[in-house]
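Student: Pasting a structure here, questions to come.
Here, each number is a calculation from the coordinates, and none is a lab measurement. Worth saying up front: this structure is predicted, and the values here are computed from it rather than measured. Cβ: placed from backbone, ideal geometry, glycine included. Neighbour counts: every protein chain shown.
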Amino acid sequence: MVIDLDRCTGCGACSAACQAENNISFRLDESNKLRSITWMSIFQLNNGRNYPDYRYAFLPRPCMHCDSPHHSPCTFVCPVNATTRDENNGIVTHIYPRCIGCRYCMVACPYHARDFNWWDHTWPKPMEAMLSPDVSTRMRGVVEKCTFCHQRMLAARSKAYKDGTDPDKTTYTPACADACPARAITFGNLRDPHSDVAKLSKDPNAFRILEKLHTDPKVYYISTQDWIKKLSDNALTEKS
Amino acid sequence: MNFGRRAFLQFAAGAVGGSLLSPLPWQLAGDSARWSQNWSWRASPERGEVTKVSSVCTMCEGGCAIQARLVNGNRAILIEGNPANPLTEGGVCALAASGLQFFYAPYRISKPMKQQKSRGDISGFQPISWDEALSELGKKLGKLRADGKSQELAAIISHRPSSMDDLWLQFFTAYGSPNLFRMPSAADGLKLAAKFTTGNAQPFAFALGNAEYILSFGSNLFEGAGASTVALAAMRQWTKGATKLVQVESRCSMTASKADQFLPVNPGKEALLAMGIAHVMVSSGTYDVDFVKNNVFGFEDWTDSAGKKRQGFKGLVSSSAYSPEEVAKATGLDAAQIREVAKEFAGKPKALAVWAIGQPDSTNGIYHQLAFTALNALKGNLKPNGLITLSPSVPLAGLPPVEKNGAAQKEPQGGLYGLLDSITTAKNQPVEILFVHEANPLYSLPENKLFRDALAKVPMLVSFSSYMDETAAQADLILPNHTAFERYDDVLGIPGAAFSYYAVSVPILKPLQDTKHTGEALMTLAAGIGGTVGASLPWKSYEEYLKFRVDGLAQAQKGAVAEKPDVRIVKLAAGQSVQPNFSNGADLWKKLKAGNCWYDAPAAMPDFETPSGKLELAIQSIVQKVASDAADKYYLPHFEDRNLPGNEGDLPLLLVAYRPSFTAAGFYPTPPFMTKLIPDSVLKGADAFIELHPDTAAKLEFSQGELVSLKTTQGEANVRVNISAVAHPGVVYLPTGLGHEAYDNYVQNKGVNANSLMEVQLDPVGIGTVWACRAQLRRV
């Protein structure tokens, strides 16, 4: 995935679309951001300068689906193998019934991409009608996170089977990329050199967050603003 | 046999030990874990066939094409964008993405409600049938009209342009009342400025996609969910590194952060900067001399119709009051900076000054609007093929001519605010029945106390809202409309867009409740009144009415339907040829119903219909609005410094309302999906945060997060302090979209309503301007 921060206006459509697509619950009071469940969080960055040289920007952060060799930080620590990385498509998945809620993966994730269900969530009764049957609702005691809309990938693969085309060559877009009104999010196969996402990831202004931890995230960001790139804590001065 | 105690204990221990080796307890534990996932309160969504319906969102004026995903054809599970639309390319804002939270809102009104107790008592609402409700209301309307009091019917409707506007106007004209008002919007000022300078009463429109240098005076081009779809589409067409955006405002907003240059002016002084730039252009001769000489009236000194000699714009703007040095003092900029910007604006061939885009709820004073217009006039942007045109009309079928019911009463001055004022100050009751449609003035009208006070003198309030919003809660009768995605509706042009745009919104599902399309309610009421009123609304359903309108568009054979996103719609030039790709009304209706939009190239700036036949910088027609012995400057664009009400000693700060990223500030409240995104530096628990510059906070000795009392001439509220460098020193910024007192507890009890604290200044020409008001902060 590549997210163009020059285009992102911080409108939150990506996060709202993600919540609608993935049956994400909500509470009466969402002030405590440590308890809020946002698979796509929107961080607010600023350049730390004083008025009128202050500038701020928003950074949408889904799960990075870290590609570090053998294990992502989270899959490495799960004691029950509830979270694993599918090496065919690179998506780090989470099996809710298997999760025992130890939250070790939350500790391990350097991007704070994982959220925990401290409660059994309920929806206002009429709103139960808008729940998607393609995404399971989570019970209390399990961790959840962005799945790159895994259900959409499965739907695309099923359609490919039915149509007689190669399921491994199908593409799809997650809800966030679909929704963005600034068209800032591009999604696709990073390993396909001809894809938009692969080309954009090679943009001279493309960077990833916390590269020094060697998590090898699959989400790239593009920004022409140096202060944003510096904040990504990318200690590498040139691509190695 | 003697068992003995020891043997018994050994036996018991063995039994326990044995049971630990048995798999049964662990199996039971595992089973209960699995089965408890089926507890009754766990929602289990029903599976089924998934289908898609294409439509258009009507929750704001943006006109985003959407697709709804349905399961089993009877419930909607997602609203997403339609990638075939050339303007939005599949994007939607956070409000549309959360759209189903309004469709399935627990606070929906399911059937007509009549207030049986006292006004405002929610428990007093009793359901009645549609027949009963409409026949009762119809009788009242008939009697009012028969008594010759048609003008005592008034309505407040949404400012979002749609065919409902024309239907309302038709009804009101046939009924005989001139008192049809729209909620205030930035387009009001654009329309007035265009009317005065060009003689055409169509709002100005900006070719944002074709400009290379955009000087934005306070326009919220990219502020979160309120961002303009046109601005976003234009941004995608701008060349990184070549197109330059300069943002002029007091707060370092998102738009300012994205801009290539931010000019931090004191609040309300944007137009003064425009005059300063005009001063530099005129004194250095770097303006479009030919255009001004041949097409502009009032640049040079002029003579009015009474024979009096008056100063022209050139003389006025050349005065030292508008020199860069003087302007710098009042705006807080540097004189050198002002000269630099003027030089750049004058030098770039495709430079455009924009204002009032993406700010649906606030307007700027008319003289300031004229100042921005003047800057564009100097640049030559108002030529037939220029970067500024008028909002194009969509050639839909016009409604049948109406026989007027006697002489229409004189329209009160000052639009909606004028109406509210006349209701409150009149000795009698000028309005007997007030309709409110797709609007929530008790919440979203800036200085909403004016509405509250006027409402106390209106005997009957009828709300057509689908939701128990603040205004509906005060209604005497609620006739709930279908919600946005379950009714036929349309998007009739996009405010500020130079190109022409039309789209039809189709219901994604049959209406969920016993609601009725307000258009159809009007048709029923008209039929009940009968006579010329009934004859003026001859349609039997809203779908029939829209089909009728679309027939006209098909016959006009202009524009085209976009079935693919292959048109760069924001780059269309005025008068560019667009080939129609539809045949007759039925064909066009079919294409529009499939979720495709219709578009056309911008219309070239028409001939000026002013008294002089030219673009008027000296507005000769303004004499009707100001005294005939008014000073020369009142005919010209100039900077009008406002004397804000309130005692400066008591209220030493300035309060400015701003739109944060994740709230909805119009007719729709912030849905739970969006509320979750509001940072805890804007809303925490029940407290909204104001933004204060570090120096201002230090002077007041406030610390981060401290609870303080914010007071204006309108009232007081407790807020928390967020010390932030976005803030201009001495200015308090309060977020909009919070402070609801209706709907449900997911919406209520979150912050304070900026519209309850802001005060509106009324222009001499009668539009309300909301830019700042005096304020005070003190510890609680």
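Student: For the stretch B:644-780, what is the Kirkwood hydrodynamic radius in Å, using each pair of distinct C-alpha atoms?
Tutor: Answer for the stretch B:644-780: a Kirkwood hydrodynamic radius of 15.2 Å.
Student: Another one. When you count, for each residue, the other Cβ atoms within 10 Å and take the mean per peptide, how do B:260-270, A:42-52, B:515-525 rank with the highest first?
Tutor: B:515-525, B:260-270, A:42-52
Student: Another one. Mind jotting down a quarter of the surface of the convex hull over the alpha carbons of the stretch A:1-139, in square nanometres, one decimal? Display every interim value, and only then the final one.
Tutor: Working: hull surface 43.0 nm².
About 10.7 nm², averaged over all directions.
Student: Considering amide H positions built from the backbone, and no H for Pro or chain starts, which residues 5 or more places from B:A205, or on another chain, come under 5 Å of its amide H?
Tutor: Under 5 Å from the amide H of B:A205: B:T389, B:L390, B:S391.
Student: With a Förster radius of 45 Å, plug the Cβ-Cβ distance of B:Q116 and B:D165 into 1/(1 + (r/R0)^6) and report the FRET value to the nearest 0.05. The partial results should precede the final answer.
Tutor: Numbers: r = 33 Å, r/R0 = 0.73.
It comes out at approximately 0.85.
Student: Next question. Output the peptides B:503-514, B:458-469 sorted from most to least packed, where packing is the average of other Cβ atoms within 10 Å over each peptide's residues.
Tutor: With the highest mean Cβ count within 10 Å placed first, the list reads B:458-469, B:503-514.
Student: Is there a simple number for the mean count of other chain Cβ atoms within 10 Å of the Cβ of residues in B:249-260, and what is it?
Tutor: Numbers: counts 0, 2, 2, 8, 1, 8, 1, 4, 11, 8, 1, 0.
Mean partner shielding for this stretch: 4.
Student: Sorted by packing (mean other beta-carbon atoms within 10 Å per residue), highest first, where do B:166-175, B:564-573, B:423-432 land? Don't skip to the end; give the middle numbers.
Tutor: Details: B:166-175: 21.6, B:564-573: 16.8, B:423-432: 14.8.
Highest mean packing first, the order is B:166-175, B:564-573, B:423-432.
Student: Which value, in debye to the nearest 20, describes the size of the charge dipole of the stretch B:653-779 about its Cα centre when Lys and Arg Cβ atoms bear +1, Asp and Glu Cβ atoms bear -1, and nothing else is charged?
Tutor: On the way: 10 positive and 11 negative charges, 25 e Å.
Dipole about the Cα centre, nearest 20: 120 debye.
Student: Another question, then. Residue by residue through the stretch B:250-262, what is 3J(HN,Hα) from phi via Karplus (6.51 cos²θ - 1.76 cosθ + 1.60, θ = phi - 60°)? Round to whole Hz and write x for glycine and proline.
Tutor: Listing the rounded values in order: 8, 9, 7, 7, 4, 4, 5, 5, 7, 5, 6, 8, 10 Hz.
Student: In the stretch B:653-779, what percentage of the DSSP-assigned beta bridges are antiparallel, given to the nearest 5?
Tutor: Here the antiparallel bridges make up roughly 65 percent for the stretch B:653-779.
Student: Can you give the alpha-carbon Rg of chain B over 2.2 N^0.38 Å, where N counts its residues? All intermediate terms of the calculation are to be shown ahead of the outcome.
Tutor: Details: Rg = 29.4 Å, N = 780, 2.2 N^0.38 = 27.6 Å.
Cα Rg divided by the expected 2.2 N^0.38 Å: 1.07.
Student: Could you give the size of the charge dipole of the stretch B:215-260 about its Cα centre, using +1 on the Cβ of each K and R and -1 on the Cβ of each D and E, expressed in debye and rounded to the nearest 20?
Tutor: Numbers: 5 positive and 3 negative charges, 31 e Å.
Approximately 140 debye in magnitude.
Student: Give me the Kirkwood hydrodynamic radius of the stretch B:50-103 in Å, from all C-alpha pairs, to one decimal place?
Tutor: It works out to 11.1 Å.
Student: Same structure, new question: Could you tell me the ratio Rg/Rh of the protein assembly as shown? Both radii from Cα atoms, Rh via Kirkwood. Working shown, then result.
Tutor: Numbers: Rg = 30.4 Å, Rh = 30.5 Å.
Radius of gyration over Kirkwood radius for the protein assembly as shown works out to 1.00.
Student: Ok, one more. In peptide B:43-52, what is the residue-averaged number of other protein chain Cβ atoms found within 10 Å of each Cβ?
Tutor: That works out to 4 on average.
Student: Say the dipole of chain B comes from +1 at the beta carbon of Lys and Arg and -1 at that of Asp and Glu; which of B:V732, B:A754, B:F125 then lies farthest toward its positive end?
Tutor: Selected residue: B:F125.
Student: Over chain A, what is the mean sequence separation of C-alpha contacts under 8 Å (at least six apart), divided by residue count, expressed as relative contact order in percent?
Tutor: Normalised by residue count, the contact order of chain A is 26 percent.
Student: Relative to the Cα centre, what is the charge dipole magnitude of the stretch B:70-198, using +1 at the beta carbon of each Lys and Arg, -1 at the beta carbon of each Asp and Glu, and rounding to the nearest 20 debye? Could the numbers behind the result be given before it?
Tutor: Working: 15 positive and 11 negative charges, 83 e Å.
My answer is approximately 400 debye.
Student: Another question about this same structure. Taking +1 at the Cβ of each Lys and Arg and -1 at the Cβ of each Asp and Glu, which of B:T524, B:G534, B:L546 sits farthest along the dipole of the stretch B:512-558 towards its positive end, judged by Cα position relative to the Cα centre?
Tutor: The Cα lying farthest towards the positive end belongs to B:L546.
Student: Under the Kirkwood approximation applied to all pairs of distinct alpha-carbon atoms, what is the hydrodynamic radius of the stretch A:2-231 in Å?
Tutor: Result for the stretch A:2-231, one decimal place: 18.7 Å.
Student: For the stretch B:629-643, what does the Karplus curve 6.51 cos²θ - 1.76 cosθ + 1.60, with θ = phi - 60°, yield as ³J(HN,Hα) per residue in whole Hz, taken in order and with x for Gly and Pro?
Tutor: 9, 5, 4, 3, 5, 6, 8, 10, x, 7, 8, 9, 6, 8, 8
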